[in-house]
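The values are calculated or read from the model by the stated rules, or taken from the named source; none is laboratory data. The structure presented is a predicted model; accordingly, all values stated were derived computationally and were not measured. Backbone-built Cβ (ideal geometry, glycine too); neighbour counts: all protein chains shown. The area values use the complete protein model at the heavy-atom level, side chains included, leaving out ligands, DNA and RNA. Shrake-Rupley method; radii C 1.70, N 1.55, O 1.52, S 1.80 Å.
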Amino acid sequence: QVQLVESGGGLVQPGGSLRLSCAASGSRFSTYGMGWHRQPPGKQRELVAFITSGGNTNYADSVKGRFTISRDNAKNTVYLQMNSLKPEDTAVYYCNAVGLLVYWGKGTLVTVSS
């Protein structure tokens, strides 16, 4: 069983930055692939970024060059550094852990607005 808690969301102006964190409970964090997803208002949830247990990363085209996913296995935490934020990045951001089962956090709201 893995519990995930996201933090770091909030209101930011266009062009600004935020860093999201996702803290995981339980053991074997290092064996999980970890992802960040987002769900904009009125739209479906979409994958933003993913990092494998080995540290390989993948990004949605819409965030390449602006967002960076990383993980700290000693802290059981995965991060999403978001730079050059745009209004269309406004969404609830969720992290998930992918192993034999998939676990989800409850999300954190990011609002990009002037």
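Over the chain, accessible surface divided per residue gives 53 Å², non-protein components excluded, 1.4 Å probe. Of Leu20, Leu47, Leu80, the residue with the greatest mean-square motion in the GNM of the chain, using alpha carbon springs below 10 Å, is Leu47.
Simple spin-label estimate for Gln39 and Thr111 gives 1.8 nm between the two label positions (7 Å along the Cα-to-Cβ direction from each Cα). Give, as a single signed number, the net charge of other residues whose beta carbon lies under 14 Å from the beta carbon of Gly10, with Lys and Arg counted +1 and Asp and Glu -1. Once all neighbours under 14 Å are counted, the net charge is -1.
Taking the 1.4 Å solvent-accessible surface of the chain as the whole, the part contributed by carbon and sulfur is 48%.
Across the chain, the mean sequence separation of Cα contacts (distance under 8 Å, 6 or more residues apart), normalised by length, yields a relative contact order of 37 percent.
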